[in-house]
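One structure is given below, encoded as structure tokens.
The values are calculated or read from the model by the stated rules, or taken from the named source; none is laboratory data. Keep in mind that what you see is a predicted model, and the values were worked out from it rather than measured. Using ideal geometry, Cβ is built from the backbone for each residue, glycine included, and neighbour counts are taken over all protein chains shown.
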């Protein structure tokens, strides 16, 4: 587990911006035809922790996968040393992205892709010693335990790109992940780009949140996210939501009359 660090925040992220050069791409082809990319990509990163939120299909995972490719990480998950899948060429979006670094480019880190983590765990079992992952096969741990083994034993210095890490984490383990993020980003050891639906994760202090939808990408405050507002309102009165969800269809009611 990373050691606790004293209060105080580092100067800022080393990945400073993400921009898309779309002049020579076919904007009618996927993923450039996604509404969120209609006006291009021009993001300034001001925090060591940046969240990308939006509905499924909005493009947040697609964007982070392309950023991971440009960083040299396997698009199925892993770091620069993991080669369990072969990709002859970068994706079209990765080819169109330009990343700006300061004071230097980060080459260490990891791309976590929740939906293909099984493939990564299999690769580790076949090619690596288990000690760096807690001394136990990732396949012999629960989904949540394997995620936490990765976070606690392999996250040190670098850029960490996480695609929906909450998929395997209970609320308590999401809080544990916030502790890992804090212990690494405050002293400037790590930078995090995270696509998430979790209002727990996106509550991280000082984080920047980009909301992605048909109108593009815009920065929003935590309490203005749909995720926070819906979760808050539901917990304040679940009966109201459930009553509406389970109400008989009006057309069926008319037919019974």
*asked:* If I go through segment 156-175 residue by residue, how many of them are under 16 Å from residue 189 (Cβ atoms) and in contact with a helix residue (DSSP H, G or I) (Cβ under 6 Å, 6 or more places away or on another chain)?
replied: 1
*Could you name every one of the strands (runs of 3 or more DSSP E) located completely within segment 156-220 that has at least 3 residues being at positive phi?*
none
*Restricting attention to segment 31-64, and to residues there that are out of contact with any strand residue (DSSP E or B) (no Cβ under 8 Å at 6 or more places or on another chain) and surrounded by 13 or more Cβ atoms within 10 Å (Cβ to Cβ), which single residue is nearest to residue 180 (Cα to Cα)?*
62
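When only residues in segment 71-91 that are closer than 27 Å to residue 186 by Cβ and buried (at least 18 other Cβ atoms within 10 Å of the Cβ) count, which is modelled with the lowest pLDDT? Before you say what the answer is, go through the steps one by one.
Narrowing segment 71-91 to residues closer than 27 Å to residue 186 by Cβ: 71-73, 77-81.
From what is left, the residues that are buried (at least 18 other Cβ atoms within 10 Å of the Cβ) are 71, 73, 77-79.
On the way: 71: 93, 73: 89, 77: 73, 78: 70, 79: 62.
Out of the qualifying residues, it is 79.
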